[in-house]
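Quick notes on the structure that follows.
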Amino acid sequence: MGAKVVKIALSGYYGFDNSGDEAVLQSILFALEEQGREQGIRIEPIVLSANPEKTSAMYGVQSYHRMKPGPLLSALREADGLISGGGSLLQDATSSKTIPYYLAVLKIAQWLGKPTFIYSQGIGPVNRRMFDGWIRGVFKRCAYISVRDTESAALLATMRLPWERIAVVPDPVMGLPLRGEAGVSGSAGTGVRTVGVSVRFWNEDRSELEALSRSLAKLLAADPNVRLRFLPFHLPSDEVASQFVIDRLGDHGSRVEMVPGIVHPQDMLAQVAGCDLLIGMRLHSLIYAASQYVPMVGISYDPKIDQFLHRLGMKAAASTSRFDADALAQEAGALLDGREAWAASKRAAIEELKAQAQFPAKSIVSFFNK
């Protein structure tokens, strides 16, 4: 007799060529497969995506369009349950439509009698108080709730969700493995030190990118062995943001490169693994670095950056509202010089986060194994 088959729909920010969110999806798929294998259940994912054909081709899964009512309903009817997450799905900083969309998908699944699961989400910011009751009402009917930081759990508690129902777990991407045995060839033994850079547009006046340009120019001037590798996480906008910074580095252009067009998360993970240091605005650039024991310098544009760094006992070196170019350059230089010491001091915390990243998948598979 074959293994029990369980079809699980996945709702998130998938199919938008954002490496961080694609990494979330890939990590959840790997974790569900691993936990299913351990518990004797075959998980068949059904992904709700903005580009179902591309998602199916990239991950070998069934996929339906996330915004077309017919296909979305078909996916939820076919599934045995729905996972919402991970990522920052329930926040209204980027749009007032985001929270209603993700709650609606959960609500429809609940109307259809499907168990629903919140998978390592970052909750907030939620600036519109009318959303509190909506979130509480939907979450109360979920079979399992996990968030990626204590700040998200505290926010849910203010919405009168019981603390004991909320599991605090790492971002799923902490568990993402490299494809094969190694990352991009690094610069060990050559004297060259590769600094990965992940930027995005945030301030309208681009002041944070102007300041970062000054930091990077100081870093390059201080050490002739430093090379910059720009890694655009969200295409195509981060490629434009990267070029904005590169154009301001003047005479250092021969020591700067951009790696364009990376979509598959494990390809980006390999690029990060080949760096000696990562300077990042994108959350998942920092998570990639931590998972590969690459020292990082965080630039905060959102509380989620600070929340992740706190889990490693770190603080952002700068923010989009306060940016000391000299201080960031000094911190980057110190981490380059002390990479091995940094990795040794953070290893235990990183290993713990990697292990805990499996908890949501284990709990969800166990639900179907009763």
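Accessible area ranking (1.4 Å probe, heavy atoms, ligands and nucleic acids excluded), largest first, for TYR288, TYR64: TYR64, TYR288.
The percentage of C-alpha pairs in the stretch 119-273 whose separation is greater than 22 Å is 59%. With respect to the chain, whose longest principal axis is taken over its alpha-carbon atoms, helix 19-39 is tilted by about 50°. Rounded to two decimals, the Cα-based Rg/Rh of the chain, with Kirkwood Rh, is 0.98. Along each principal axis, taking the top coordinate minus the bottom one, the Cα set of the stretch 295-360 gives 39, 28, 12 Å in descending order. Phi angles across the stretch 329-337 convert, under the Karplus curve 6.51 cos²θ - 1.76 cosθ + 1.60 with θ = phi - 60°, into 3J(HN,Hα) values of 4, 5, 5, 4, x, 5, 5, 4, 6 Hz, Gly and Pro given as x. Phi angles of the stretch 317-322 translate, via the Karplus equation with coefficients 6.51, -1.76, 1.60 and θ = phi - 60°, into HN-Hα couplings of 7, 7, 9, 5, 9, 9 Hz per residue; Gly and Pro are given as x.
Beyond 18 Å between alpha-carbons counts as too far, so tell me which of LYS7/LYS68; LYS114/LYS370; LYS54/LYS114; LYS7/LYS114; LYS97/LYS304; LYS4/LYS362 fall in that bin. Violating the 18 Å limit, Cα to Cα: LYS7/LYS68; LYS54/LYS114; LYS97/LYS304.
Per-atom-type breakdown for the chain gives carbon and sulfur 52% of the accessible area (1.4 Å probe, protein chains only). Close amide H pairs (under 5 Å, H built 1.01 Å from N) link GLY87 with GLY122, residues at least 5 positions away or on another chain. The packing ranking of peptides 49-60, 296-307, highest mean first, is 296-307, 49-60, where packing means the average number of other beta carbon atoms within 10 angstrom of each residue.
At full extension, SER74 and VAL240 could sit 56.0 nm farther apart than now, given 0.36 nm per residue minus the alpha carbon distance.
Computed 3J(HN,Hα) for the stretch 354-362, one whole-Hz value per residue from the Karplus formula 6.51 cos²θ - 1.76 cosθ + 1.60 where θ = phi - 60°, is 4, 5, 5, 4, 7, 4, x, 4, 4, glycine and proline marked x. With axes computed from alpha carbons, what is the tilt in degrees of helix 237-246 against the longest principal axis of the chain, rounded to the nearest 10 within 0 to 90? Its long axis makes an angle of about 10 degrees. For the stretch 192-286, the alpha-carbon radius of gyration amounts to 1.00 times the rule-of-thumb value 2.2 N^0.38 Å expected for a compact globular protein. GNM on the chain, alpha-carbon springs under 10 angstrom: the most fluctuating residue among PRO69, PRO172, PRO260 is PRO69. Once backbone amide H atoms are built at 1.01 Å from N, ILE166 has no partners under 5 Å, excluding neighbours fewer than 5 places away on the same chain. Only helices enter this figure: runs of n ≥ 4 DSSP H residues, each worth -39500 (n - 2.57), summed and divided by the residues of the chain, yield -14000 deg cm²/dmol at 222 nm to the nearest 500.
In this structure, the amide hydrogen of HIS234, modeled 1.01 Å from its nitrogen in the peptide plane, lies closer than 5 angstrom to those of SER19, counting only residues at least 5 positions away or on a different chain. Accessible surface for the chain, divided over its residues, is 40 Å² per residue with a 1.4 Å probe.
The values are calculated or read from the model by the stated rules, or taken from the named source; none is laboratory data. The shown structure was predicted, so the numbers you read here are calculated from the model rather than taken from an experiment. Virtual Cβ from ideal backbone geometry, glycine too; neighbours counted across all protein chains shown. Side chains are part of the model used for accessible areas, which takes the heavy atoms of the whole protein and leaves out ligands, DNA and RNA. Shrake-Rupley method; radii C 1.70, N 1.55, O 1.52, S 1.80 Å.
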